[in-house]
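The values are calculated or read from the model by the stated rules, or taken from the named source; none is laboratory data. For clarity, every value in this text was computed on a predicted model and none was experimentally measured. Positions of Cβ are generated from backbone atoms using ideal geometry, with glycine treated the same way; all protein chains shown enter the neighbour counts. The area values use the complete protein model at the heavy-atom level, side chains included, leaving out ligands, DNA and RNA. Shrake-Rupley method; radii C 1.70, N 1.55, O 1.52, S 1.80 Å.
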Amino acid sequence: MHSIQTPPSHSHHDGEKDTPTADIVETRLWIDEHNWLYDILKSPANQAPTFRFPDLISACVTSTLSSSEGARALFDYLGIQLVLRDPATARRREAMWRPQYEQLQALQRSPANQHPNPKFQLDQLTTAAVALCRQADPSGTLVLKYARLNMVQRATVRSVASQD
């Protein structure tokens, strides 16, 4: 399940600019991966700026999908490791930035996630991206690196858009 989060008082009028929260999309994250990201959130390394869950989750997606083998590694993790977990595992509601949500949505709609292959949901794709980051670098340094790179990308896009 996913939805766009906007402030309750925000309404879209013709000509009104979208708020930054319109760029945040809700997702769910399995509890083990959530707890690992929470540890990174509270880590002394997460400062100047302090990244929040949308930044951390999105960083994991960017990190995982930045290589040419990223999608394959994600589906391998889903089909070899996540599939063996209890499907009733607790999940936490969190958010991610829209560009990374769109990357996962494209994978969700890809042939790798269609018949005759099993169908994985957004929470499973998100969880797999976080799990792969955790495997690659349990310290979380990689996550914080990609959070910074994503922040630069968002700022660059906003800067270019404001000049138009």
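Using a simple spin-label model with points 7 Å from Cα along the Cα→Cβ vector, what separation in nm is obtained for N35 and Q114?
3.8
Rank these residues by their accessible area, most exposed first, probe 1.4 Å: R28, R109, R148. Walk me through the numbers on the way to the answer.
Working: R28 65, R109 160, R148 95 Å².
Largest accessible area first, the residues go R109, R148, R28.
I'd like the accessible area for R93: 1.4 Å probe, protein heavy atoms, all chains in place, Å² to the nearest 10.
140
In degrees, nearest 10, range 0 to 90: what is the angle between the Cα axis of helix 122-136 and the longest Cα principal axis of the chain?
Between the helix axis and the principal axis of the chain, the angle is about 80 degrees.
Leaving ligands, DNA and RNA out of it, work out the accessible area of K119 with a 1.4 Å probe and give it in Å² to the nearest 10.
140
For D86 and Q163, FRET efficiency with R0 = 35 Å and r from the beta-carbon atoms, rounded to 0.05?
Values: r = 50 Å, r/R0 = 1.44.
It comes out at approximately 0.10.
For every other residue with a beta carbon closer than 12 angstrom to the beta carbon of V157, add +1 if it is Lys or Arg and -1 if Asp or Glu, then tell me the sum. Can you show the working numbers first?
Working: positive: R98, R154, R158; negative: D23, D164.
Taking every other residue near V157 into account, the sum is +1.
Taking only Cα atoms, what is the 0 to 90° angle, nearest 10, from helix 70-80's long axis to the longest principal axis of the chain?
40
Sort V25, V152 by heavy-atom solvent-accessible area, probe 1.4 angstrom, most to least. Could the numbers behind the result be given before it?
Values: V25 5, V152 90 Å².
Final ranking, largest accessible area leading: V152, V25.
Compute the Kirkwood hydrodynamic radius of the chain, taking the inverse of the mean of 1/r over all pairs of distinct Cα atoms, and give it in Å to one decimal.
Values: mean 1/r = 0.0603 Å⁻¹.
It works out to 16.6 Å.
Measure nothing but the geometry: give the 0 to 90° angle between the long axis through the Cα atoms of 31-42 and the longest principal axis through the Cα atoms of the chain, rounded to 10°.
Between the helix axis and the principal axis of the chain, the angle is about 50 degrees.
What FRET efficiency, computed as 1/(1 + (r/R0)^6) with R0 = 35 Å and r the Cβ-Cβ distance, is obtained for L149 and R72, rounded to the nearest 0.05? Don't jump to the answer; show the numbers that get you there.
Values: r = 22 Å, r/R0 = 0.63.
The value I calculate is 0.95.
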